[in-house]
Each structure stands twice: as structure tokens, then as C-alpha cells.
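Right, one structure below, let's go through it.
Values in this text are rule-based calculations from the coordinates and carry no lab data. Nothing here was measured: the structure is a model prediction, and the numbers come from that model. When we count neighbours, we look across all protein chains shown, and the Cβ atoms used for this are built from the backbone with ideal geometry, even at glycine.
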């Protein structure tokens, strides 16, 4: 598996885990996310920021540790030094893309007329 595929798979797994966790603790969460304002790297416009006011408030509300939040796809750090700056940037992009797809899949679409 090449680096791009590895990043994509890891991002997808983390977002899936985060979405399942949110389903348990915050039913209907996806409908409360404004995708037009969504920015995963912004503490007020990310998933937890939009649900709780700020990223850190979401962590505090659920007693989530930073490492847990990372495994749920809410953030990332240096990926334990595994990837260079380019890889980390790509990981952020892929996390955000997976979150958008996850949210869109949960929001009912109006019927085509």
C-alpha cells in the first residue's frame, strides 16, 4: 500500500469511529453541522466546535482525551513523526473530505422533482 492509500484508509477509519461515537453521545449530530462553514482545523468550525461552541468544549463535555479525539478523526498531530509536512497536510485534507462525505450520507436529501 502506498502512502496516499495508507493516509486515506487511516483517515476513513478514524472518521467512521468518530461518527459512530457521535451517534451514541449526540444523536442527530450531522444535521447540526454547517458544511458551508466547516473547517476541521478551526476550533470553532470543526465538528466539535460546531456542536459545542469550541473544540475544547467538546472534549471537556465528554471527558475526551486528546489521543481519543485523534482516533475519532477530530484532530491529528504529527502522526508520531511518520509523515513529513506534506503527508500531514494531506491527512488533514482527507480527514475533512471523509467528514464531509459522512455528514452528507446522514442528511436526508430532498426528492428530485
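Values for this structure:
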quantity: Sorted peptide list for 52-59, 36-43, criterion being average Cβ within 10 angstrom, highest first; calculated: 52-59, 36-43
quantity: With Cα atoms, 0 to 90° folded angle of helix 85-106 axis to the chain main axis; calculated: 20
quantity: Two-site label geometry, residue 31 and residue 9: point separation in nm, points 7 Å out along Cα→Cβ; calculated: 3.6
quantity: Sorted by Cβ neighbour density within 10 Å, fewest at the top, the residues 96, 65; calculated: 65, 96
quantity: In degrees, nearest ten, helix 3-25 long axis to first principal axis of the chain (Cα); calculated: 40
quantity: The chain - mean residue ellipticity at 222 nm from DSSP helices (-39,500 (n - 2.57) per run, n ≥ 4, rounded to 500); calculated: -18000 deg cm²/dmol
quantity: Order by protection proxy (mean Cβ within 10 Å, highest first), peptides 14-26, 100-112; calculated: 14-26, 100-112
quantity: Contact order normalised by residue count of segment 3-105, Cα under 8 Å, 6+ apart, percent; calculated: 36
